[in-house]
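The values are calculated or read from the model by the stated rules, or taken from the named source; none is laboratory data. These numbers come from a predicted model, not from an experiment. When we count neighbours, we look across all protein chains shown, and the Cβ atoms used for this are built from the backbone with ideal geometry, even at glycine.
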DNA sequence: CATGAATGAGGTTTCATTCAT
DNA sequence: TATGAATGAAACCTCATTCAT
């Protein structure tokens, strides 16, 4: 790496055949495993290929450069989580704050927990300068979904929806991250959902005016 | 070749003469600047030295290896912030939750904002495998200080102080990070203190039982 | 940076394809040539690679570090010489001292002379701290072979076989080394075999008691 | 190092004052100690200076470069040993072979053993390309002294004195080196003198014609 | 004279990427 | 298509040597 400006972050070609799809999947999975086992610094294309049971050459058939690979992995993860949250948010339009918070927290924590390894591994990758934009974009969409949801709350109205959504989102994402990165005693993990709900609900209620009638 | 020596993250030697102190400072500052301008991946010892107006050799007179340099920079920052928060927390023992939250949030945000560049630059570094322990330790001390403070609240008592302190801390750190990393519109920054207070206070009040009488 | 791995002196991978075998051989040969032309101090991996008509990267595909390369070269040489001597020694069990001395000296000098460059070059390498053990081990095996041989001499018996073998071996190795390192007028080389025989035979006869009857 | 052709190997200036003589001695001693403790590869001017209780600058006051320092140390050692042998050889002119061998062996082994560390440390240094000439010259003088001595033996005459002296010398030097470099069980060290005498005497007697009358 | 901070060439090693097979 | 050998730029780090103080 060290290349200043990768031209494209998109995968080089879309796999058509079943066999190559399997290869791509293996590379994908291998990337996450290497990330976890060795860290971003020691993630090399050769190591990834090896663990995927392929050769470097093959890897480069599907990804024009290392960064594109990482980008793809990150993208998939963000999409997964983002869609979960957005779907959840949409499904609770026109309900109470409590219902909303519960749904969103549940969706987010589940999505993150479901593939714990992946989530952990990718915090590293998100930092890389090249991926910032991607993360930022996804976060923006997430906040938009939250704002849209909050706007329909049956029991509250908000003056500054952008700010409220931002804090709402950060209140979910931040503590989860801290926890997943392992900075917390394990046993606390179980209470996470409840705590996040309390955190968000407390905040939202303080910021809400009673709804227009 | 040559035989390796045991790994230390400590600086190599303390500057004795005046001019060398200046050099060390320059290297320190340069590290942060490079981190910001180029990112952790592109931070090389040569680049740091260059920007500090020194040579690589000089850098290595004071830091046995790149990691030690990063470690030192991170350490200073964490200490600065940690001490600010701990001092603030101690100064509001035996007061109301509102006072406590206000004091702690103010201390934290001020400390982070005071040297905005540094704070931003170091989020990258905290991820590096080698620094994890350092970050974790500092976080632990922070939570302890919060717990000690909360235990003396005049208007609340908590059943599960460790968990509450954890969420409390994460509720401050998380959104601040999101904001500093630039994932938020600039104008939101100004309201940050107020929002964090609201977030924390809302949470703490929900989790509190009324104080012993 | 990055995490180090345990130290091995073994080559990194065995060449599979035909062309890579050629590469490995070229690197091997180049090492000896550089050693001779420049000396151990000036033997650098780049210089070796260059002379081998390869790139540094290629060199490191086969040897994990410089030391492993030197080790390999030394090992092959020691093995060659060691086997020659041991075979010779075994072939003259149960013969007279004169026959034994003649066979061993001949084998040793031939093996050393056969690849004169290699022999000369490697005296340097044997000194390197890392190779000491290898040399010592080979010498030990050599002395054992000599002792086993001497024990079967038809015309002599020895009280202190370990000591006698040690001096016997050193009497062959030492002067040969002095000569090969070039500290002797060239013309003397031709008489070396004869002189070594005389040296060893003189010694052994003095140390021998008459054989058991 | 890595400098192809040092202009001068001579020390930069001869110390006049007592104080500086002490410094030079300390540097000298430190060189040997570092050589032993760390090996030639890790012998750096700074390390030597430190151990000598001086600074690099001071070291360079007396030696124009590292090589000159090593050269000086080696030179002193060679001179010490050389003079011991030559004096001994001269003192036994016109005596029997047995007396001669005994005297020379005794002188050599004593000189080497007297400062065992030094002797061991310097085998490394002698290999360095730059010092070869020095070693060779000293060896030549030694052989000359031996030849001169042998020429006066009362009980033997030699046809090819140069060759005989060469082997004679090598027979003493070689095994001693092997032993000092630690390739031999410790207990053998004690018998070394006797064994060397036997080795040399056996050889010389075989090569001798009876003396002219 | 002595000091030790500074220099920077040069050595070792890694790894993204290409390309002949 | 797949392979994996080869490449070489670039990173880290050392150390002989100089020179301002």
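Listing for the model above:
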read-out: Hits in region D:54-85 (condition: under 30 Å from residue D:103 (Cβ atoms) and either free of Cβ contacts under 8 Å to residues at least 60 places away in the same chain or not in a helix (DSSP H, G or I) (or both)); value: D:73, D:75, D:76, D:77, D:79, D:80, D:81, D:83, D:84
read-out: Search result, residues across region A:16-39 that are away from DNA strand F (no atom under 13 Å from the Cβ) and part of a loop (DSSP other than H, G, I, E, B); value: A:39
read-out: Matching residues, region A:95-108, being in contact with a helix residue (DSSP H, G or I) (Cβ under 9 Å, 6 or more places away or on another chain) and not in a helix (DSSP H, G or I); value: A:95
read-out: Checklist (1) buried (at least 20 other Cβ atoms within 10 Å of the Cβ); (2) at pLDDT 95 or above applied to residue A:125, failing item; value: (2)
read-out: Members of region A:135-188 that are loosely packed, with under 15 Cβ neighbours inside 10 Å, under 20 Å from residue A:121 (Cβ atoms) and more than 10 Å from chain B (Cβ to nearest Cβ); value: A:186
read-out: Scan of region C:17-55 for residues that are within 9 Å of DNA strand E (Cβ to nearest atom) and either exposed (fewer than 14 other Cβ atoms within 10 Å of the Cβ) or in the same structural domain as residue C:122 (by TED's automatic domain parsing) (or both), ordered by number; value: C:17, C:18, C:19, C:46, C:55
read-out: Leading residue by the ranking (nearest to DNA strand F (Cβ to nearest atom)) among those in region D:40-53 that are outside any helix (DSSP H, G or I) and within 13 Å of chain B (Cβ to nearest Cβ); value: D:44
read-out: Any hit, region B:85-94, residues being more than 16 Å from DNA strand E (Cβ to nearest atom) and closer than 23 Å to residue B:28 by Cβ; value: yes
